[in-house]
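See below for the structure under consideration.
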Amino acid sequence: MRRLAEITGMPVGFAVLWRGEILMVVWSPGEAAQPAPLRTCTTWPWFNAAGKVLVAGPDPDPLLGPLPASWLQEAAAIRYRGAAFDQEVAMSGVCCTAVPLLGADGAPVAALCVLTDPAHRLERLAEAARQTGPVISVGLRGR
């Protein structure tokens, strides 16, 4: 995570789905100024990039309640792309891309998130995260 934050210059986070919300477990700050809410907020709504990449798996968390009618199509696109995006969903001025971190069974167990402002291209950050995610996944499976 620290290396990804160094390469991108952006804050990088590790998140899990917990009680129907996204719990940000740890952050690596990067060079970019971290918005104040990232220093104080530990849970986020599930429908940000981290939540989407975790909920896009085969068995959505029942605590989420009914999902939007368009969700099956969006989930398929996330699985195909290997990343999810959000544009200022959780807070104004903060955009995010996230990739799944996979457990031994190949199911997402956590999300690797890269945060930025609206001026940056999320797809470029997603590519860097997609390259880093498998390395972290292997480390998670070893624990």
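The values are calculated or read from the model by the stated rules, or taken from the named source; none is laboratory data. Everything quoted here is computed from the prediction, not taken from an experiment. Every residue, glycine among them, receives a Cβ derived from its backbone with ideal geometry; neighbour counts consider all protein chains shown. Calculation scope for accessible area: heavy atoms of the full protein, side chains included, ligands and nucleic acids excluded. Shrake-Rupley method; radii C 1.70, N 1.55, O 1.52, S 1.80 Å.
Can you tell me which of ALA33, ALA69, ALA77 is surrounded by fewer than 21 Cβ atoms within 10 Å (Cβ to Cβ), at pLDDT 90 or above and over 20 Å from GLY139 (Cα atoms)? It would help to see each step written out before you state the result.
Values: ALA33 fails: at pLDDT 90 or above; ALA69 fails: at pLDDT 90 or above.
That would be ALA77, the only listed residue that is surrounded by fewer than 21 Cβ atoms within 10 Å (Cβ to Cβ), at pLDDT 90 or above and over 20 Å from GLY139 (Cα atoms).
Looking only at segment 12-29, count every residue that is crowded, with 19+ Cβ neighbours inside 10 Å, in contact with a helix residue (DSSP H, G or I) (Cβ under 6 Å, 6 or more places away or on another chain) and under 20 Å from ALA128 (Cβ atoms) and tell me the total.
Of the residues in that region, 2 qualify.
Just to be sure before I move on: is GLY82 under 23 Å from VAL25 (Cβ atoms) and either at pLDDT 85 or above or open to solvent by less than 10 Å² (accessible area, probe 1.4 Å) (or both) in the structure I sent?
Yes: the conditions hold for GLY82.
Does PRO108 satisfy being in contact (Cβ under 8 Å) with a residue 24 or more places away in the chain and in contact with a Pro (Cβ under 7 Å, 6 or more places away or on another chain)?
yes
Of the residues in segment 117-127, how many are buried (at least 20 other Cβ atoms within 10 Å of the Cβ) and out of contact with any Cys (no Cβ under 8 Å at 6 or more places or on another chain)?
The qualifying residues number 2.
Here are some residues: GLY133, GLY106. Which one is out of contact with any helix residue (DSSP H, G or I) (no Cβ under 8 Å at 6 or more places or on another chain) and open to solvent by less than 10 Å² (accessible area, probe 1.4 Å)?
Values: GLY106 fails: open to solvent by less than 10 Å² (accessible area, probe 1.4 Å).
Result: GLY133 is the single residue among GLY133, GLY106 that is out of contact with any helix residue (DSSP H, G or I) (no Cβ under 8 Å at 6 or more places or on another chain) and open to solvent by less than 10 Å² (accessible area, probe 1.4 Å).
Looking only at residues in segment 36-57 that are over 20 Å from LEU122 (Cα atoms) and either modelled with pLDDT of 70 or more or touching a strand residue (DSSP E or B) at 6+ places or on another chain (Cβ under 9 Å) (or both), which one is least open to solvent (accessible area, probe 1.4 Å)?
GLY57
Condition check: at pLDDT 90 or above, in a helix (DSSP H, G or I) and surrounded by 19 or more Cβ atoms within 10 Å (Cβ to Cβ). Does VAL114 satisfy that?
Working: at pLDDT 90 or above: yes; in a helix (DSSP H, G or I): no; surrounded by 19 or more Cβ atoms within 10 Å (Cβ to Cβ): yes.
Considered against the rule, which asks whether it is at pLDDT 90 or above, in a helix (DSSP H, G or I) and surrounded by 19 or more Cβ atoms within 10 Å (Cβ to Cβ), VAL114 comes out as no.
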